[in-house]
Structure formats: C-alpha cells, structure tokens
Amino acid sequence: MDFLKDIQENDRKTFFKDFENSKKLCEKGSENEVSSKSSDSRPLIADFTEYSPLHNGHFHCMKTAKEKIPDGLFVAVVPGLFERSGRGLPYILHRKTRAEIAVAVGADIVVEGPPMGIMGSGQYSLCLTKMFQALNTDYIPRGYRPFEGYEKILERISLGHGVAPKPYKIVDMDTKEVIYKGKLEEDNYVIVSFSKSLKKIGFDFKDKFIFVPRIEGVSGTLIRKACSENNLDSVKSMLPSETLRILEREINADRAPLHDLRVEEHIIDSANSLSFEDLLKLNFFNEKLVRELIDRREEKPFESISEIEDSIFYGFSSHFKNRVLSILETRINADMISEYINNYPSTVRVLNYKNEAVLKEFEEKVFENGNRFVKNIVTD
C-alpha cells in the first residue's frame, strides 16, 4: 500500500507538471528538433498495449508485426499516469516494469501513454491516436477476435475509412453505409474506436493497420487470479519467460500485484468531503451521479468502497463504476483533462529502450521533416 500511495502521489505531481509544461511548450514551439533523416529512417510500428502483464497473446502480436515489417522500429505505447486502465481498473505492475518486460521480449522503445483511468473511452482513444500521429507512425498492429462479418469492417479500415460504432450498428463514416448490425466486444471495439478517432484528427491510416487474429489458450482472468494467489506456475504456459521472471521478482519485492489495490482513503474522503460543485467539476461526472453520492452520504457518511459502489448507478459501460472510483481517487477536473488532451502529447516520455542507438533513431524518426505535435522527448 505504501508503494501504491507513492505512485499516486508522484503521478499527481507529474500530471500537473506535464499539464503546465504542455501549455508553455505549445506557446514557445519546438526547441529540440532533430535533423531529418527521412530517406534513411526505418518504418515505425506503434503498438498500444496495456501489458498487464505482457502475455503470449501480446507477444504473438509483436512477433507477427515484426515479421511483417522486419526492418521496423517497434514502439510500444504503454498507458501511464495513475496506473489505471481504460476500464478504471488498477494494473498488475507499474508501467516502468511493464516497459522493462516489453523491451526484454523484443520492443525497441516503450513510451508512456495517456492516463486512461481518469478519462472516458472517447477521450483516451483520441489521446492514443494523437500519439500515433505524433510518432510519425507507419504501422499499427492490433489483435482482434474473428467472427462472421468482422472482416468487412477490417477491410474498410484498411482502405482508410473511419468506422463509427452506433447503437447496435457499425457505420462506414466515408460512405455512410451500415456495414454491421450488432454490438462489438471490447477488443474488436477498440479497433473501430481507433479508426473513428484517427479519422477525426485527420491522420491517413490507409494500409497502416496490421490485424492479428487472437491466439487461443490465454486468459487474462486466470493470470490475474494466479498473481493474486502468487501461483504463477498455474499460468506459466500463458506467459513469456521474461514476464514470469520479472513478475516473480516484483512480487518478491512487494511491488506487485497491484490490481486488487486502491488508495481507499482517498476515494472515501473525496466521496464524503467534496462539495456538489467540486464533484461536478471532476472528469466524467454529471449532475445525476453527483446527486446520487450527495444524497447517500447525507443519510450516512461513506465508510467503505463497497458503499460508494452501491450508490453509483450503472452507466452506459459495464466499467462505469470502476472509472468513477478511479476519478474519486485522483481528483482531476474535466476542464483540465480537456486542455490536457488538446496539447497531447507535446512531451513524449520514454519509459525504456533497447540501447542508445535505438533511442537516437527514434528521436530522429519522430522529428523528421519537423513535427508540429511533439515539442520534447524525455527519458524517464
């Protein structure tokens, strides 16, 4: 818990520092451009993956992309600040450890992605696609679960068409056709959401996606259970040896697993002490949600996380309650998130890298032909 509290405290400082720096950097313009080497640069493969932890499915996607683009520079975008996923759930390992594993299994560079846990799904999808744009990305590998009708969606995206999820249907944004009727499960929905956000920011993604069918025999649920019970032998067939080695090290050092932990005192204090106006300012909050919390605490102050969860109505997502908990935990306002997204990612934070030569090559690739999105690259 002390380790987790330190993470939250340090990440709050980093978020506010990044927020202020992004405004200053965007006003001043780039001062750190590297001379272009566009004729010599390798294609950049940018893979967004949470790696919580990196399992054989992630490894398969990485290997497939590297086989298809053998001269590619593989960059993993690993979600960062506050260590909460887009589902509002804590990660098993700190992002620096997840980055260490990614490089150990073959990534060239790992950069920090957005603070997904304090954003809505549309917000973090927009941030991630802005990262792809900012990195001068040439290829984007994505795993998917095949089913009848989904290949047509992937074909449209390969053509560079935006594909938008609507209530119980999927629509081609370029032709306005309904190309699928029904809902998509999470992995497949992410690809569609990416295409919509990429279209929104004006990034040409024609032929950039590398679609990789998911492999069988990997269960995130079983991996999380094994980590909670410190029984990694039960899932060792699902994990690369590098993941097992580093995961065991972190568990022995009492720095993992983190996915069952929250700083509960922060959440309870926020739910009990913030005024109506202050709650309403939080990202992702609305009047109905705030009124639910206020009414419940007026009857009896919250004493546990479960009491807060019980007072939260079900939103449009099954992960709504977890997102609310993460926002109460971090207390970041909506107007700040909006401005943060506008300037994202003015600073690219490198979490880990293969060697100094690769880092230099990455910097040259990002800044080749100038870059109006990235003002600074830092190593963490």
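The values are calculated or read from the model by the stated rules, or taken from the named source; none is laboratory data. These numbers come from a predicted model, not from an experiment. Using ideal geometry, Cβ is built from the backbone for each residue, glycine included, and neighbour counts are taken over all protein chains shown. Side chains included, ligands, DNA and RNA excluded: accessible areas come from the protein's heavy atoms. Shrake-Rupley method; radii C 1.70, N 1.55, O 1.52, S 1.80 Å.
Local charge sum around N136 (other residues, Cβ-Cβ under 9 Å, Lys/Arg +1, Asp/Glu -1)? The answer is -1. Electrostatic bookkeeping for V218 treats Lys and Arg as +1 and Asp and Glu as -1; over the other residues with beta carbon under 13 Å from its beta carbon, the sum is +2. When the Cα convex hull of the range 200-271 is projected onto planes of every orientation, the mean area is 9.3 nm². With one equal scatterer per alpha carbon and no solvent term, the Debye-computed log10 I(q)/I(0) for the range 257-380 at 0.09 1/Å reads -0.41. Entry comment: accessible area of the chain is 45 Å² per residue, from protein heavy atoms only and a probe of 1.4 Å.
When the charge dipole of the range 80-184 is built from unit charges on Cβ atoms (+1 for Lys and Arg, -1 for Asp and Glu) and taken about the Cα centre, the candidate among L89, M116, V163 whose Cα reaches farthest toward its positive end is L89.
Magnitude of the charge dipole for the chain, about its Cα centre and with charges confined to Cβ atoms of Lys, Arg (+1) and Asp, Glu (-1), is about 980 debye.
Quick check: net charge around L4, other residues with Cβ under 15 Å of its Cβ, Lys/Arg +1 and Asp/Glu -1? In short, -4. Loop-located GluC sites (Glu not before Pro) in the range 94-158 (DSSP state other than H, G, I, E, B) with a sparse environment of at most 13 neighbouring Cβ atoms within 10 Å: E148.
Phi angles across the range 254-260 convert, under the Karplus curve 6.51 cos²θ - 1.76 cosθ + 1.60 with θ = phi - 60°, into 3J(HN,Hα) values of 6, 10, 6, x, 9, 6, 9 Hz, Gly and Pro given as x. Under the combined filter of DSSP loop state and at most 14 neighbouring Cβ atoms within 10 Å, the range 236-318 retains these chymotrypsin sites (Phe, Trp or Tyr not before Pro): F313, Y314, F316. Counting Cα-Cα pairs of the range 275-345 in 10 Å increments starting at 0 gives whole-percent bin shares of 19, 52, 23, 6, 0. R331 sits with roughly 80 Å² accessible to a 1.4 Å probe, with DNA, RNA and ligands left out of the calculation. Percent of Cα-Cα pairs more than 24 Å apart in the range 223-329, please. Looking at the range 223-329, the distances longer than 24 Å represent 41 percent of pairs.
The loop-placed trypsin sites (Lys or Arg not before Pro) in the range 167-213, going by DSSP, that have at most 16 neighbouring Cβ atoms within 10 Å of their Cβ come out as K176, K183, K206. The residues S22, S52, sorted by heavy-atom accessible surface at 1.4 Å with ligands and nucleic acids left out, run S52, S22 from largest to smallest.
Computing FRET efficiency as 1/(1 + (r/R0)^6) for S306 and E177, where r is the C-beta to C-beta distance and R0 is 45 Å, gives about 0.50. On a per residue basis, the convex hull of the C-alpha atoms belonging to the chain measures out at 143 Å³. Modelled label positions at Y168 and C26, each set 7 Å beyond Cα in the direction of Cβ, lie 4.0 nm from each other.
Quick check for you: which residues of the range 133-162 have the amide N under 20 Å from the point 7 Å beyond the Cα of L222 toward its beta carbon? Under cut-off, by backbone N: 144-146.
Give me the percent of accessible area attributable to carbon and sulfur for the chain, probe 1.4 angstrom. Within the chain, the accessible surface is 45 percent carbon and sulfur.
Diffusion coefficient of the range 139-217 by Stokes-Einstein, Kirkwood radius over Cα pairs, 20 °C, 1.002 mPa s: 172 µm²/s. S41 contributes about 40 Å² of solvent-accessible surface, heavy atoms of the protein only, 1.4 Å probe.
Amide H to amide H, with H built 1.01 Å from N, I210 comes under 5 Å of I140, R142, counting only residues 5 or more places away or on other chains.
Positive-end ranking of A271, V290, S241 along the dipole of the range 228-380, with charges on Cβ about the Cα centre, is headed by S241.
Amide H contacts for L282 (H built 1.01 Å from N in the peptide plane; partners 5 or more residues away or on another chain; cut-off under 5 Å): A334.
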